[in-house]
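What follows is one structure encoded as structure tokens, with my remarks underneath.
Throughout, read-outs are computed from the coordinates displayed, never taken from laboratory work. All values derive from a computational prediction rather than experimental measurement. Don't worry about glycine lacking a Cβ; one is built from the backbone with ideal geometry, like all the others, and counts go over all protein chains shown.
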């Protein structure tokens, strides 16, 4: 597996990767509904690819097994989605996609990586904490991250947290 920028030919395959990744939520009765919920559209994926803020983990046949898409927001690269297909989970692809996002953010001169995630799902906040992200108290959040969390709550996502990773040495 290797990481490369998302290409237009990849976008039709990425919703299936996200659906596959979401199957992990079936393990958690309170979140099992996420396994059948909507995923990002091909148009969304294409917009991230055109912006140069989307990367895929591909196998030897150049078939995507995971992706990360992000948005540049002020002095941060905000991770909108990181998904690894269910069968490819546990192989370090998420970490490698984060490495790519970190490198891209540094090349752009950004100070932070930010994201929102479930605070208590083992493959969410604890995974990012092991990478170096720090959960941010609500009182410390800027209006952008507060708005992201509010929108997530409006879509039924509870117990979410905002996290950030400093990119300064």
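Numbers below:
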| item | result |
| --- | --- |
| FRET efficiency, residue 150 to residue 127 (Cβ-Cβ, R0 30 Å, nearest 0.05) | 0.80 |
| Amide N proximity, the stretch 138-153 versus residue 37 label position 7 Å along Cα-to-Cβ, cut-off under 15 Å | 148-153 |
| Sum of -39500 (n - 2.57) over DSSP H runs of 4+, divided by residues of the chain (222 nm, nearest 500) | -9500 deg cm²/dmol |
| Additional length obtainable on full extension of the chain from residue 99 to residue 9, 0.36 nm per residue less Cα span | 30.1 nm |
| Calculated FRET value between residue 139 and residue 168, using beta carbons and R₀ = 25 Å, to 0.05 | 0.65 |
| Coarse-grained scattering of the stretch 2-166 at q = 0.16 Å⁻¹, given as base-10 log I(q)/I(0) from a Debye sum over alpha-carbon atoms | -0.94 |
| For the stretch 138-169 versus the stretch 36-97, the gap between their alpha-carbon centres in whole angstrom | 19 |
